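Data block below; observations after.
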There are 2 protein chains.
Amino acid sequence: MPGSLTMIRHAADVLLDAIDRTAAPVCVGVDPVVDRLPGATAVSSGVSPGVSSALSSAPRAEAAAAIRSFTLDVLDQVAEHVPCVKFQSACFERYGHHGVRVLAEMIAAARSRGLEVILDAKRGDIGISAEHYAVAAFGDDDSEATGARWVTVNAYLGGDGIEPFLRPGRGAFALVRTSNPGGDALQSERLADGRTVSEAVAGMVAEVGRTAVGERGFSALGAVVGATKKADVPRLRAIMPQQIFLVPGFGAQGGGVDDVKPAFDSEGRGAIVTASRSVIYAESTGSADWPQTVGEAAARLADEVGRAAGLR
Amino acid sequence: MPGSLTMIRHAADVLLDAIDRTAAPVCVGVDPVVDRLPGATAVSSGVSPGVSSALSSAPRAEAAAAIRSFTLDVLDQVAEHVPCVKFQSACFERYGHHGVRVLAEMIAAARSRGLEVILDAKRGDIGISAEHYAVAAFGDDDSEATGARWVTVNAYLGGDGIEPFLRPGRGAFALVRTSNPGGDALQSERLADGRTVSEAVAGMVAEVGRTAVGERGFSALGAVVGATKKADVPRLRAIMPQQIFLVPGFGAQGGGVDDVKPAFDSEGRGAIVTASRSVIYAESTGSADWPQTVGEAAARLADEVGRAAGLR
């Protein structure tokens, strides 16, 4: 390979390879909420023991330091079991520039541990604003080394709200069918042509994503399809054959193994299931061995979903 | 009034009063893009003269300092002419924690100049993540003194993605009909019941907003309705009688005085027109008197729209 030329690999190829390597089509959601941090983390970040619940009103710098410490422990525990983590941007943005600084550092920390990174920011803007958001998520340059590889986006503004995120070696997951109860209000509305609104969004995502398909047949534009909406999955898959499905709602939100199966193709590919609370808060008390319980929960998630997909 | 009790006024009442006071139902959009900053600003922020176009690859701290300096000049110029500014969050987030820190400082600077502040962040998430975004936008407490008073939100996830933003003394503008060309792809789709998708969103916004109506009859949940979609405005107004319309697309995006008139009621109320590039980049060259041209453009915007609404 020529000296200074860096080959930028397609984001979907990289993610699918990482899933194959681990036989774990899963992602651990890192949604650190100060009130829920184990006591031990609060201590190690300089906050008095036993007062983690008081951190919600602690200075932003202290709170950011606490979620930094917690997140590093989580990354250390899950890196050997799963190929990917998803950071909930809101959890960090809550603490202003302190939190945003920690978020960038945690994304780098995850990548240095070999983890694929999705930034769950649900951004949705157009033109130069969307380009700015892409730079914020992915970093300043097109090198593969910095920032998140993927970001979640909102498609309500149309294709011009999505395209700026499809940069070389990067990708986006567009919200198609969300797992929350209120999602039905709009997403289940029936169009005159018989499709639902979420199916119309799926059609748009399939079309925009067609321009960015990798060697393995999947697009750099994926789709968020909630595990709690299992009945909708077959039609959404038919509309979006080239989209990797990012599937939230597993675990704490009520989705089970049977709910995520339909998202995978016959070879167990094409989807990645994400779980947050059921992994990172597997041990809700302040017990000293909480990091191990996080690792065990990540291993269990990988095994359950890997089997459901037929990869194990 | 009792000593330590602070009366938190309704966000819509405060905004409508501010518009009345100035007879200017307008908002200046602050979307600082480093490549477009006047040379003078680049100089005052420590960057060599004449190289503002090179700032796009400058270190993030330097770029953030340049947009800080520019934004302060803009705020100084527009504060006497308009009641409100809208910060494009992406322009600041692009520069990571440096930019986010400047954004918080600029929101405080705008408020200290008596300006109402909308944070154009188009956030769209649910549950505790939406609550985190609300804290990020509004500040840590319910005092009226910190953070933005309003934030823009995306309604694709339903009511549970909006409600967390309707905090005491704060409000949100939900994206209903956006001004970009691609917005039609989804928003103009026709439902089986004859409504468009954006009208369905409007109905949801009207319903969620009904719980948060102020003394002047308008809700703390407003709606973004683009000036370039004039034909849709009468029906959207009929569906959303209690929503303040935030109207982008005026000026640089092609909307004119006739396009924004339908957004106002017979008394010239119920809407606020926002313009960004046509004001803050009124003088695109590096001339030394650019701040005055920004002030003049803001005064012109206020006069044109104030007359269109019948307030002048």
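The values are calculated or read from the model by the stated rules, or taken from the named source; none is laboratory data. Remember, it's a predicted structure, so these values are computed and weren't measured experimentally. Note that each Cβ is placed from the backbone with ideal geometry, even for glycine, and that neighbours are counted across all protein chains shown.
As an exercise: evaluate A:D160 against (1) modelled with pLDDT under 95; (2) in contact with a Pro (Cβ under 9 Å, 6 or more places away or on another chain); (3) farther than 24 Å from A:D140 by Cβ and give the number of the one condition it does not meet.
(3)
Which one of A:V257, A:V305, A:V294, A:V279 is over 21 Å from A:R36 (Cα atoms) and surrounded by 18 or more Cβ atoms within 10 Å (Cβ to Cβ)?
Going through A:V257, A:V305, A:V294, A:V279 in turn, the sole match is A:V305.
Please go through the stretch A:175-209 and give me each residue that is within 20 Å of the chain's Cα centre (by Cα), over 14 Å from A:I239 (Cα atoms) and more than 7 Å from chain B (Cβ to nearest Cβ), ordered by number.
Passing the criteria: only A:S179.
Before we move on, is A:V213 within 11 Å of chain B (Cβ to nearest Cβ) and modelled with pLDDT of 95 or more? Don't jump to the end; show me each part of the working.
Working: within 11 Å of chain B (Cβ to nearest Cβ): no; modelled with pLDDT of 95 or more: yes.
The answer is no for A:V213.
If we scan the stretch B:179-194, do we find a residue that is hydroxyl-bearing (S, T, Y), surrounded by 24 or more Cβ atoms within 10 Å (Cβ to Cβ) and at pLDDT below 95?
From the stretch B:179-194, those hydroxyl-bearing (S, T, Y) are B:179, B:188; that's our starting set.
Within this subset, residues satisfying the condition of being surrounded by 24 or more Cβ atoms within 10 Å (Cβ to Cβ) are none.
Looking for residues that are hydroxyl-bearing (S, T, Y), surrounded by 24 or more Cβ atoms within 10 Å (Cβ to Cβ) and at pLDDT below 95, one finds none in the stretch B:179-194, hence no.
Is there any pair with a first residue in the stretch A:110-131 that is at positive phi and a second that is surrounded by 24 or more Cβ atoms within 10 Å (Cβ to Cβ) and acidic (D, E) whose Cβ atoms are under 8 Å apart and which are 6 or more apart or on different chains, and what are they?
Here the result reads A:K122/B:D125, each pair linking the stretch A:110-131 to a residue that is surrounded by 24 or more Cβ atoms within 10 Å (Cβ to Cβ) and acidic (D, E).
If you take the residues of the stretch B:154-174 that are among the small types (G, A, S) and crowded, with 24+ Cβ neighbours inside 10 Å, which of them is farthest from the other protein chains (Cβ to nearest Cβ)? Full working, then the answer.
Of all residues in the stretch B:154-174, those among the small types (G, A, S) come to B:155, B:158-159, B:161, B:169, B:171-172, B:174.
With crowded, with 24+ Cβ neighbours inside 10 Å added as a condition, the list becomes B:155, B:161, B:171-172, B:174.
Details: B:A155: 7, B:G161: 7, B:G171: 19, B:A172: 14, B:A174: 10 Å.
Among those that are among the small types (G, A, S) and crowded, with 24+ Cβ neighbours inside 10 Å, it is B:G171.
Which residues, counting only those in the stretch A:128-140, are more than 7 Å from chain B (Cβ to nearest Cβ) and either surrounded by fewer than 24 Cβ atoms within 10 Å (Cβ to Cβ) or under 10 Å from B:A90 (Cβ atoms) (or both)? Can you show your working first?
Within the stretch A:128-140, the first condition is being more than 7 Å from chain B (Cβ to nearest Cβ), and the residues that meet it are A:130-131, A:134, A:137-140.
Scanning the stretch A:128-140 gives A:A130, A:E131, A:A134, A:G139, A:D140.
Which of the following residues is without any contact (Cβ under 8 Å) to a residue 40 or more places away in the chain and over 18 Å from A:A24 (Cα atoms): A:T211, A:T228, A:T293?
After applying the criteria, what remains is A:T293.
Across the stretch B:91-120, what is the number of residues that are within 10 Å of chain A (Cβ to nearest Cβ) and either hydrophobic (A, V, I, L, M, F, W, C) or surrounded by fewer than 24 Cβ atoms within 10 Å (Cβ to Cβ) (or both)? First the steps, then the outcome.
Going residue by residue through the stretch B:91-120, those that are within 10 Å of chain A (Cβ to nearest Cβ) are B:91-105, B:120.
When the remaining residues are screened for being either hydrophobic (A, V, I, L, M, F, W, C) or surrounded by fewer than 24 Cβ atoms within 10 Å (Cβ to Cβ) (or both), the result is B:91-92, B:96-98, B:100-105.
The total comes to 11.
Every residue in the stretch B:284-297 that is among the charged types (D, E, K, R) and at pLDDT 90 or above, please. So that I can check it myself, show each step before the final result.
Within the stretch B:284-297, the subset among the charged types (D, E, K, R) is B:289, B:296.
Selection gives B:E296 alone.
Would you check which residues across the stretch A:260-283 are more than 16 Å from A:G29 (Cβ to Cβ) and modelled with pLDDT under 90 and list them?
Result: A:E283, single match.
Does A:I244 satisfy the criteria of being touching a Gly at 6+ places or on another chain (Cβ under 6 Å), at pLDDT 95 or above and of a type outside the set (S, T, Y)?
yes
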